[in-house]
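First comes the structure, then the notes that go with it.
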Amino acid sequence: MKIIIKIGNFSNTLLKSFVEPCHRRILLCCLFFFTLFSCSNSAYLYSSFHEPANQGLRFLYSYDGYHWKDFGHIFLKPEVGEKRIMRDASILQGPDKVFRLVWTSSWKGEKSFGYASSKDLIHWSKEQEIPVMENEPTTVNVWAPELFYDAVTKQYIIVWASTVPHRFARGQEDEDNNHRLYYVTTRDFKNFSKEQLFFDPGFSSIDAQIIKQGKGKYVLVFKDNTRPNRDIKVAFSNNPLGPYQNVSKAFTPGFSEGPATIKVGKNYLIYFDWYSKKVFGAVKTRDFQTFTNVTSQIDIPQGHKHGTIIKVKKKIIRNIFHELSNNNDD
């Protein structure tokens, strides 16, 4: 007799009828460990904002890295910067379990970015303006700061894009839109290194994200901001601070920006804001050499704009819902 048992929908009566007690105990133990190890304790958070970017920080959440839902809540309202905006929010949870957040706080005319921290994503520290590019008085802007924690040197690296007119070869770009990538390092977000040039591929580039692919293997995912390209590329290094070389061909369509990369299973998913279509796209890759378009497999709420994705424990999601529920009760 052939017995088919559907996991999660069987009963002890069925087992008693067809399986000897000893075998039943073995089967139950197998099912227990199958469930224990197959149920992931991980979830994903995607930092977000809505245009015109003056409302504040939002988060999406996902349990599989492909399908996303909005909490429907503003987690932090922008209080720094002349225009009080919050764009391109990059978040990271450090080894001390504290969440660090940096963001674009002004379009042009200011040489700083916003910073705040939180232990639970609900209660936040006082917002700060982190001044940079003070040694470059003609700097036009400071865009899309991105966080990376280097476990080897035990320091945070913050990379952003700035335009310094007449500093680099211009190509088709206007002088006030010819970006290069810069960086600072910090251990405590109180003391920062002097800003330095991070990446100059010979063309305007913004929206950079450092990915650790393995020991001594780092990938820089960034936007080629030149006309007419405006697409996403990668470059490679054996050090998170570079130099990054071997710039790839574009693997996204034109008019795409804000790459957000996360490892899901054995694949890396690279989300991108396809702003000309007002939708999100995504590709998957295992080696950052071959890319497969998986846009049809993702689901992102309307109105979401690009930030970064981090992996968190599921209890973080539960705690957020609990806190939001308590706040609504108040």
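The values are calculated or read from the model by the stated rules, or taken from the named source; none is laboratory data. Everything quoted here is computed from the prediction, not taken from an experiment. For neighbour counting, all protein chains shown are included, and Cβ atoms are generated from backbone atoms with ideal geometry for every residue, glycine included. Protein only, heavy atoms only, side chains kept; ligands, DNA and RNA dropped before computing areas. Shrake-Rupley method; radii C 1.70, N 1.55, O 1.52, S 1.80 Å.
Residue-wise test of (1) under 19 Å from the mean Cα position of the chain (by Cα); (2) open to solvent by 10 Å² or more (accessible area, probe 1.4 Å).
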position: 186; (1), (2): no, no
position: 191; (1), (2): no, yes
position: 197; (1), (2): no, yes
position: 200; (1), (2): no, yes
position: 209; (1), (2): yes, yes
position: 212; (1), (2): yes, yes
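I need the full set of residues from segment 49-87 which are in a strand (DSSP E or B), closer than 16 Å to residue 103 by Cβ and of a type outside the set (A, V, I, L, M), in order please.
49, 58, 59, 87 - these are the residues of segment 49-87 that are in a strand (DSSP E or B), closer than 16 Å to residue 103 by Cβ and of a type outside the set (A, V, I, L, M).
Within segment 63-74, which residues are hydrophobic (A, V, I, L, M, F, W, C) and crowded, with 21+ Cβ neighbours inside 10 Å? I'd like the intermediate steps shown before the answer.
Of the residues in segment 63-74, the ones hydrophobic (A, V, I, L, M, F, W, C) are 68, 71, 74.
Hit for segment 63-74 is 68, nothing else.
Condition check ((1) over 18 Å from residue 212 (Cβ atoms); (2) among the β-branched types (Val, Ile, Thr); (3) open to solvent by 30 Å² or more (accessible area, probe 1.4 Å)) across all residues:
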{"position": "233", "(1), (2), (3)": "yes, no, no"}
{"position": "268", "(1), (2), (3)": "no, no, no"}
{"position": "295", "(1), (2), (3)": "yes, yes, yes"}
{"position": "301", "(1), (2), (3)": "yes, no, yes"}
{"position": "312", "(1), (2), (3)": "no, yes, no"}
{"position": "315", "(1), (2), (3)": "yes, no, yes"}
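Only one of (1) touching a residue at least 12 places away in the same chain (Cβ under 8 Å); (2) assigned to a loop (DSSP other than H, G, I, E, B); (3) touching a strand residue (DSSP E or B) at 6+ places or on another chain (Cβ under 8 Å); (4) not aromatic (Phe, Trp, Tyr) fails for residue 211. Which number is that?
(2)
What is the number of the single condition among (1) closer than 19 Å to residue 206 by Cβ; (2) without any contact (Cβ under 8 Å) to a residue 40 or more places away in the chain; (3) open to solvent by 20 Å² or more (accessible area, probe 1.4 Å) that residue 237 does not meet?
Going through (1) closer than 19 Å to residue 206 by Cβ; (2) without any contact (Cβ under 8 Å) to a residue 40 or more places away in the chain; (3) open to solvent by 20 Å² or more (accessible area, probe 1.4 Å) one by one, residue 237 breaks only (3).
Of the conditions (1) open to solvent by less than 20 Å² (accessible area, probe 1.4 Å); (2) closer than 15 Å to residue 320 by Cα; (3) not small (Gly, Ala, Ser), residue 49 clears all except one; give me its number.
Residue 49 satisfies all of (1) open to solvent by less than 20 Å² (accessible area, probe 1.4 Å); (2) closer than 15 Å to residue 320 by Cα; (3) not small (Gly, Ala, Ser) except (2).
Confirm whether residue 135 is open to solvent by less than 10 Å² (accessible area, probe 1.4 Å) and polar (S, T, N, Q). Break it down into steps so the answer makes sense when it comes.
Values: open to solvent by less than 10 Å² (accessible area, probe 1.4 Å): no; polar (S, T, N, Q): yes.
In short, no.
Looking only at segment 93-106, filter to residues that are without any contact (Cβ under 8 Å) to a residue 40 or more places away in the chain and either crowded, with 16+ Cβ neighbours inside 10 Å or not in a loop (DSSP other than H, G, I, E, B) (or both); which one of those is nearest to the chain's Cα centre (by Cα)? Explain how you work it out, then say what you get.
Initial filter on segment 93-106 (without any contact (Cβ under 8 Å) to a residue 40 or more places away in the chain): 96-99, 105-106.
From what is left, the residues that are either crowded, with 16+ Cβ neighbours inside 10 Å or not in a loop (DSSP other than H, G, I, E, B) (or both) are 99, 105-106.
On the way: 99: 13, 105: 18, 106: 20 Å.
That would be 99.
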